[in-house]
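Heads up: the structure comes next, in structure tokens.
The values are calculated or read from the model by the stated rules, or taken from the named source; none is laboratory data. Please read these numbers as outputs of a predicted model, since none were measured by experiment. No Cβ is skipped: glycine too gets one built from the backbone with ideal geometry, and neighbour counts run over all protein chains shown. All accessible areas refer to the heavy atoms of the entire protein, side chains included, with ligands and DNA or RNA removed. Shrake-Rupley method; radii C 1.70, N 1.55, O 1.52, S 1.80 Å.
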Amino acid sequence: MVAPTPNNAPPSFFKELIRLVTRSFWLKFLSLLFAIVLFFIVRTDKEVVYERMAKVKIVTMPNMTVIGSRERFLNVSVRIQNSLFSVPPTDNELSGEIDVSTTSSEKLNVKVTRENFPNLPKHYTLFIERPYIEIETDKLIEKTVPIQVVLKGDPLPGLAIAKVTVKPDQIKISGAKQDLLRLDTLTTLPINIDGIGNTFTTLIPIDISDKNSLKFPVSSVQVVVDLANKKLNRTFRSVPVEVLGLSKTLLKKVELRPKYIDVEIAGTKQVIHKINPSEIRAYISGTDLEAGWQDKKIILKMPENVSLVKMLPDVISVHYSNE
């Protein structure tokens, strides 16, 4: 007969191990899982590199500006320790500024550094491939420039453009002195008038495609295109030049060079064909003639409802002898 084991006998090693493993099992499992996650978060055996484009805005003194765009772009590399939370930098974090304090017109090479990107987190390492940018500064001035309307196409047959009105017809713009000195007019984007049959009004943008460095008070203008019946041109050749205000005796002392001119007028088809050549008169005033040769502007008289296209010449030489 085998003697029974006493109740207070020490447990075996195997039973003790089972008891340790099974006691608080889920707490130990969560601890192990947390340790694994933490390992992947903090491991620093490698770096991750992001190739990005950084934007730098150029800031100048109030009375100065830069030639070209105020925003420049640079190729940069951003390095960060590899982890589950490694993310590429945002556009806002890679946007910075450069202060140019010069008050004269000059060309500069300015270095861009990490300090120009205050929004980039400190744990990011920034490498700039070409850190120098060329900047040309100039005086900031204002200039009033007229606006020219650009039309494309033709209206319906029998109609023509009578008048084009633009409001405002000129604007005051600001920009670099050397840019504005070369700028004499501004143009609108083309307005398509092909096949139109009535007067119309439209709002059309100003063409500023190559003028990004200039500041405009408005971006569009109002254009009114008035139509009218198409006009024909008719030329009257060898129109005699008369001298008014002199007696027949004094007229003999006047010599004209040339004595005849050519006149071209425009009007509707119905009006232009009814004009008699005698209705076109050219003359000069003889009341203020001085002795010797002098130039006199020709005065033209023509029927109503027609307009002058040109007269050649519009000034003639006159010799007056007071002997």
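Relative to the first principal axis of the alpha-carbon coordinates of the chain, what is the inclination of helix 25-42, with its axis defined by its Cα atoms, in degrees from 0 to 90 and to the nearest 10? The two axes meet at around 40 degrees. In summary, the aspartates and glutamates within cross-link reach of Lys231, defined as a Cα separation below 17 angstrom excluding same-chain residues under 8 places away, comprise Asp154, Glu264, Glu304. Figure legend: label point modelled 7 angstrom from the Cα of Gln170 along Cα→Cβ; residues of region 110-145 with amide N under 16 Å from it are 142-145.
One way to sum up the overall shape of region 172-323 is the equivalent ellipsoid from its Cα gyration tensor, whose semi-axes run 46, 26, 11 Å, largest first.
Divide, for the chain, the radius of gyration over alpha carbons by 2.2 N^0.38 Å, where N is the residue count. Please report the intermediate quantities before stating the final value.
Values: Rg = 43.8 Å, N = 323, 2.2 N^0.38 = 19.8 Å.
My calculation over the Cα atoms of the chain gives 2.21.
Averaged over its residues, the chain has an accessible area of 67 Å² per residue, based on protein heavy atoms and a 1.4 Å probe.
Counting helices only, and only those DSSP H runs with n ≥ 4, report the 222 nm mean residue ellipticity of the chain as the sum of -39,500 (n - 2.57) divided by its residues, in deg cm²/dmol to the nearest 500.
Working: 5 runs with 41 residues, N = 323.
Computed mean residue ellipticity for the chain: -3500 deg cm²/dmol.
Pairs of Lys residues in region 107-179, spaced 8 or more positions apart or belonging to different chains, with C-alpha separations under 14 angstrom: 4 in total.
Considering only Asn63, Val164, Asn198, the residue lying farthest towards the positive end of the dipole of the chain is Asn198, judged by Cα position with unit charges set on Cβ.
Would you please state the base-10 log of I(q)/I(0) at q = 0.20, 0.26, 0.28, 0.30 1/Å for region 109-154, with intensities from the Debye formula using one equal scatterer on every alpha carbon? The Cα Debye sum returns log10 ratios of -0.83, -1.04, -1.08, -1.13. The angle between the Cα long axis of helix 13-22 and the main principal axis of the chain comes to about 30°, on a 0 to 90 degree scale. For the pair Glu142 and Ala162, label points projected 7 Å from Cα toward Cβ lie 3.8 nm apart.
Computed from point charges on the beta carbon alone (+1 for Lys and Arg, -1 for Asp and Glu), the dipole magnitude for region 66-144 about its Cα centre is near 200 Debye.
I'd like the FRET efficiency for Phe216 and Val87, computed as 1/(1 + (r/R0)^6) with the beta carbon distance as r and R0 of 45 Å, rounded to 0.05.
0.70
Excluding residues fewer than 8 places away in the same chain, name every one of the lysines whose C-alpha is closer than 28 Å to that of Lys253. Leaving aside lysines fewer than 8 places away in the same chain, those within reach of Lys253 are Lys296, Lys297, Lys301. Only protein atoms count toward the accessible area here, which uses a 1.4 Å probe; on the chain, the carbon and sulfur part of that area reaches 55 percent.
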